[in-house]
Amino acid sequence: MVDGKDPRPMLEVVKGGLSCEIFFPPLWIIAAPKDNPPFPVDAFAFEEDTFLVLSADTTVRDPKIPLVRIMTRLIETQPQVPGKVLVRGTAPARLLAIVHDLNQEPSWKKEWVEKALEGILRAAEGRNFQAIALPLLGSVHGAMDNDRFVSLLGGILKRTPLHHLKRLWLIVPKGKAQAIIASLRAMLGVSRQDEAFPSK
């Protein structure tokens with residue numbers, strides 16, 4: 001310290017750093033944790049099972065409903081087909097991706113995840129969604145590894161024409177964003193130097 005002043009240069013933390021995004025026209029994809037949304041979305045995708053238990057609201061809404069009626073409803077409930085995507089609600093919508101059958105071990109299959117990913121993009125396009133949030137299906141409640149998910153997603157993006165969807169938020173575990181985007185960049189054959197990102 002000289003004359004009461006610190007001679008070291010002032011440093012500041014710059015948010016962002018290494019790129020965690022990729023532009024695969026017309027889609028801008030950014031990987032970020034759940035608690036750090038990069039932009040507002042029209043819909044959130046959820047990893048779900050055939051009886052819609054995994055994303056169910058656990059809040060008791062009407063304690064006056066008799067237990068017998070609740071049990072009867074459960075017994076009469078028919079399972080959903082694995083790979084199917086159900087659209088619920090609006091602003092934002094919920095895209096329930098059926099990728100688990102809790103009666104099987106393991107509860108998920110690669111084919112179900114692939115079909116659900118296709119269904120999510122189809123649902124987004126059909127409803128003119130411009131931005132959606134997508135977790136790494138098969139890894140939230142299952143053991144699908146990130147590279148396998150990226151491979152499935154990349155293959156689907158290569159063969160799926162998109163007209164309305166412009167932004168995809170990949171919801172990733174903390175500390176994994178850069179590795180996942182690097183894998184996706186390699187899968188899609190996108191060079192970082194060739195990317196021209198749209199205005200955000």
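Taken together, the values in this text are just the output of simple stated rules run on the coordinates, not laboratory data. No experiment lies behind these values; they were computed from the predicted model shown. Here the Cβ is made from the backbone with ideal geometry for all residues, glycine too, and neighbour counts use every protein chain on show.
Counting other beta carbons within 10 Å of each residue's own, what order do 85, 53, 113, 140 fall into, fewest first?
The most exposed by this proxy come first: 53, 140, 85, 113.
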Original post:
How large is ³J(HN,Hα) for each residue in the stretch 102-110, as worked out from phi by the Karplus curve 6.51 cos²θ - 1.76 cosθ + 1.60 (θ = phi - 60°), to whole Hz, x for Gly and Pro?
Top reply: 5, 8, 10, 9, x, 7, 10, 9, 4
Original post:
P(r) tail for the stretch 21-190, what percent of Cα pairs lie past 26 Å?
Top reply: 29 percent
Original post:
All other residues with a Cβ under 12 Å from the Cβ of residue 33 taken together, and with Lys, Arg as +1 and Asp, Glu as -1, what is their net charge?
Top reply: +2
Subject >> Net dipole in debye of the stretch 21-190 [+1 Lys, Arg Cβ; -1 Asp, Glu Cβ; about Cα centre; nearest 20] >> reply: 320 debye
**OP:** Quote the relative contact order of the stretch 21-190 in percent (integer), defining contacts as alpha-carbon pairs under 8 Å separated by 6+ residues.
**Re:** 33 percent
Original post:
Whole-Hz Karplus ³J(HN,Hα) for the stretch 180-190, in order, using 6.51 cos²θ - 1.76 cosθ + 1.60 and θ = phi - 60°, x for Gly and Pro?
Top reply: 5, 5, 4, 5, 5, 4, 5, 4, 8, x, 9
Original post:
Can you give the net charge of the other residues whose Cβ lies under 13 Å from the Cβ of residue 129, counting K and R as +1 and D and E as -1?
Top reply: +3
Original post:
What residues qualify as long-range amide H neighbours of residue 176, i.e. H under 5 Å apart, gap of 5 or more or another chain, H built at 1.01 Å from N?
Top reply: none
